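Below you'll find the structure, written out as structure tokens, and then a few comments.
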Amino acid sequence: MLSSAYQLSAEPVAKNMAVDPDNRLVWRYNRQRLDAEALRDDLLFVSGRLDVNEGGLAQNIGKDNVRRTVYCFVSRRKLDSELALFDFPNPNNTSEQRNATNVPPQRLYFMNNEWVIAQAKAMAARLKGTDMERIDQAYRLLFQRPPSAGEKKLALDFLRGAADNEKGWAEYAQILMTSNEFQFVD
Amino acid sequence: MMTRRDCLKTFGTGFGMTAFAGLAGAAVGGSPLNTNPLAPKPPQFPASAKHVIFLFLNGGPSQVDTFDPKPMLDKFNGKPVPDGNLKTERKTGNLLKSPFEFHKYGQSGIEVSEIFPKLGAHMDECCVIRSMYTDRPNHEPSLLLMNTGDKQVGRPSMGSWLTYGLGSENQNLPGFVVLCPGFPVIGPQLWASTFLPAVYQGTYIPNNEKTPDKLVQFIRNPELQPQEQRRQLDLLGKLNEIQLRRAGEDRELEASIQSAEIAYRMQSEAPEVFDISKESEKTRARYGDSDFGRGCLMSLRLIEKGVRMVQVYYGNSQPWDNHDDILIHRKLARDADGPIAALLEDLKSRGLLDETLVIISGEFGRTPVVEVSGLVKVQNGRDHNSHGFSSVLAGGGIKGGYVHGATDDFGFKAVDKPVHIHDLHATVLHLMGIDHTRLTYRYSGRDFRLTDVAGNVVHEIIA
């Protein structure tokens, strides 16, 4: 396989879809949900809190631990419940491939977990300027692209409907972090 | 014909509503999206049971003090076993009679120890397997074997296999729920899905928590009102819909959208189902206010809502592990007898006993001889026993008022119609409409199954 195969996006091409819908011949990237570690790292990154220093002692995952997940402590006896929720493999088994489930408890985590809400607030606080400018920054930060006209309108409508602007922004930031575009690699 | 994508484009209400419609469909059997791995699947052949409740008396209850009377023990009390003691974990001595009396119950006249009088009254509905046996007289391998079909860590739990094979009937709750006040020895490995997809893992609920909000993780938003959260999820649905249009049809993306809607609904259904205060005071009194009693009542409510399997552990660690003094069994049984009987009664009165298989068992039994290892304070208890023990089954197509198999004269070893854990598993799957040799999952280069390469269905215990 050539290195160009690794550079493909998940974008569908109608002609190829008709011939090889399962992507057996690797004409596109297979879309993937972010792994537990990447998901945690990404949340910390967009909230501006990720500590990217290398090395050091492993520490338990906790609300004040902002280090990359690769440096977090993994217990073989009792796996961290949040890693387990996002399919971190059982450390007592060999694992030839990660599962990537999509289950309701994961959505509850993104809807209601205080740590996630805290990252959303931190991210919202990083964005400066008018609502329009902040929406633009948010899209560039999370999705590396500007928002479309439709997406801008949805955002503005949502923010206008909120009890107050900062609360609305925290709720909006949380939804961007919960969106499929953020949680899947295309 | 309208394609799914056209359908999405046509509906002005957005994808969130389509997912909602999918869920409404799921409630009457079968999701049109067909991406939900927990959607109910038909059994391989007509099943007599649809649900399993496994009441796990962890630690190893003694058969000769509960469900396997041995008059010969009284006669030979204090004397050595004529053929010598079988090997168990620790050093054992002479025969020790049960301090409890046995009484006959019901039409069937099945004898049960005085410490289980209320369960005894249900013997005409129960099958007592007195010839159970397992492989090791140690908790860890035996707990694993009973739960996963293997002595080593790394195989999926029976509940995971069942939800993998059959899905679940309620899309607003997990399909496999494990209740334990604290953790049994080993813990989460006992309800892990290991190499099966993680969606099939048991959802652990520490039922020593009494408020429903604490029972299910992240079930309440700490800040938002329901209508604020609904607004958030409507926005999420619209953003995901825009992205789905750009990305093209994708099962994973659709599953994620569906999961968010289920999660939203779980917030209203899960606290309700775990809230036993919804039951009448009279009902709650019959279960008692012990952890196990509340767990039994929750299991009833979960089964009522269509959950596939509920496992209720008696207690933290291994309460039934009475090496020192077998009289402790009386106290333990006091908190088990009432709730088990109440559960059987309520399953019956709510029309669920016929379709719910109830299993009452520990991971192994105990020796009919006294333990004399230096580790015990008083020598009035029993060591672990893998050679023979009793399990009680009821409902779900089980033959009531029936005793299957027997141990030897002293209750040490299963000798008549011995039933291995693999055989029990094969029988449970059979009752659920699954051929245990045909429920497989390919992992690491070969097909695995709950019973691995063993197991025979015990047809005699089936009605």
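Nothing in this text is a laboratory measurement; each read-out follows from the coordinates by a stated rule. Please read these numbers as outputs of a predicted model, since none were measured by experiment. Backbone-built Cβ (ideal geometry, glycine too); neighbour counts: all protein chains shown.
What size of dipole, in debye to the nearest 20, comes out for chain A about its Cα centre when the only charges are +1 on Lys and Arg C-beta atoms and -1 on Asp and Glu C-beta atoms? Walk me through the numbers on the way to the answer.
Details: 25 positive and 25 negative charges, 11 e Å.
Dipole of chain A, to the nearest 20 debye: 60 debye.
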* Let me have the 222 nm mean residue ellipticity of the protein assembly as shown computed from DSSP H runs of 4+ only, each contributing -39500 (n - 2.57), with the sum over all residues rounded to the nearest 500. => -11000 deg cm²/dmol
* To do: Select from chain B the helices, each a whole stretch of DSSP H, whose alpha-carbon atoms run 24 Å or more along the helix axis and whose Kyte-Doolittle mean is at least -1.0; answer none if there are none.
  => B:251-274, B:328-349
* **segment A:30-102 shape via C-alpha gyration tensor axes, a/c threshold 1.5** => oblate
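Which shape class applies to segment B:209-334: rounded if a/c is under 1.5, otherwise prolate when a/b exceeds b/c and oblate if not, where a ≥ b ≥ c are the square roots of the Cα gyration tensor eigenvalues? Intermediate values should be presented prior to the final figure.
Working: a/c = 3.34, a/b = 2.38, b/c = 1.40.
It comes out prolate by the Cα gyration axes.
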* For a label point 7 Å along the Cα-to-beta-carbon line of B:ASP325, residues of segment B:94-132 with backbone N under 16 Å -> B:99-100
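In peptide B:221-228, how many Cβ atoms from other protein chains are near each Cβ within 10 Å, on average?
Details: counts 6, 4, 7, 7, 1, 0, 0, 6.
Partner Cβ neighbours, averaged per residue: 4.
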* Structure fact -> Expressed in angstrom, Rg and Dmax over the Cα atoms of chain B are 23.8, 84
* Structure fact -> Counting sequence-distant residues (5 or more places) and residues on other chains, those with an amide H built under 5 Å from that of B:VAL178 are B:THR203, B:TYR204, B:ILE205, B:GLN311
* Run the dipole for chain B about the Cα centre, Lys and Arg Cβ at +1, Asp and Glu Cβ at -1, nothing else charged, and hand back the magnitude in debye, nearest 20. => 520 debye
* Structure fact -> As straight-line cross-link partners of B:LYS70, the qualifying lysines (C-alpha separation under 17 Å, not fewer than 8 residues apart within one chain) are B:LYS79, B:LYS97, B:LYS104, B:LYS413
* Residue order, fewest to most surrounding Cβ atoms within 10 angstrom, among B:HIS430, B:HIS436, B:HIS420, B:HIS103 -> B:HIS103, B:HIS420, B:HIS430, B:HIS436
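Can you give the average number of partner chain beta-carbon atoms within 10 Å of each beta-carbon in peptide A:83-93, as a whole number?
Numbers: counts 0, 4, 4, 1, 4, 1, 3, 10, 0, 6, 9.
For this peptide, the per-residue mean of nearby foreign Cβ atoms is 4.
Which FRET efficiency value, to the nearest 0.05, do you get for A:ARG49 and B:SER349 by plugging their Cβ-Cβ distance into 1/(1 + (r/R0)^6) with R0 = 56 Å? It would help to have the intermediate numbers written out before the result.
Numbers: r = 55 Å, r/R0 = 0.98.
After rounding to 0.05, the efficiency reads 0.50.
Show me B:382-392, B:328-338 ranked by packing, highest mean number of other Cβ atoms within 10 Å first.
Per-residue Cβ counts within 10 Å, averaged per peptide and sorted highest first, yield B:382-392, B:328-338.
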* Structure fact -> Residues of segment B:135-167 with backbone N under 19 Å of the label point set 7 Å from the Cα of A:ALA58 along Cα→Cβ are B:154
* **Dipole of segment A:30-102 [Lys/Arg +1, Asp/Glu -1 at C-beta], most positive-end residue of A:PHE45, A:ASN65, A:LEU85** => A:LEU85
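For B:LYS79 and B:LYS305 in the same chain, what is the full-extension length gain: residue separation times 0.36 nm, less their Cα-Cα distance, in nm?
Details: separation 226, 0.36 × 226 = 81.36 nm, distance 5.28 nm.
Extending this stretch completely gives an extra 76.1 nm.
Would you please put B:268-275, B:298-305 in order of how densely packed they are, using the mean number of other Cβ atoms within 10 angstrom per residue and starting with the highest? Present the calculation step by step, with values, prior to reporting the outcome.
On the way: B:268-275: 18.6, B:298-305: 22.8.
Most protected by this proxy first, the peptides run B:298-305, B:268-275.
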* Asked: Kirkwood Rh, the protein assembly as shown, all Cα pairs: how many Å?
  -> 26.8 Å
* **Label-point separation in nm, A:ALA163 to A:PHE73, each point 7 Å along Cα→Cβ** => 3.7 nm
* Measure off 7 Å from each Cα along the Cα-to-Cβ vector at B:GLU223 and B:VAL378, then give the distance between these two points in nanometres to one decimal. => 5.8 nm
* Peptide ranges A:132-142, A:2-12, B:157-167 listed from the most packed, as the mean C-beta count within 10 angstrom indicates -> B:157-167, A:132-142, A:2-12
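Counting only DSSP beta bridges with both residues in chain B, what percent are antiparallel, rounded to the nearest 5? Intermediate values should be presented prior to the final figure.
On the way: 23 of 48 bridges.
Bridges in chain B are about 50 percent antiparallel.
What is segment A:107-181's relative contact order, in percent, from Cα pairs under 8 angstrom and six or more apart in sequence? Could the numbers behind the result be given before it?
Working: 55 pairs, mean separation 29.6, N = 75.
Relative contact order comes out at 39 percent.
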* To do: From other protein chains only, count the Cβ atoms within 10 Å of every residue's Cβ in B:238-246, then give the mean.
  => 5
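Could you check what % of the DSSP bridge pairs in the protein assembly as shown are antiparallel, to the nearest 5?
Counting DSSP beta bridges with both partners in the protein assembly as shown, the antiparallel share is about 50 percent.
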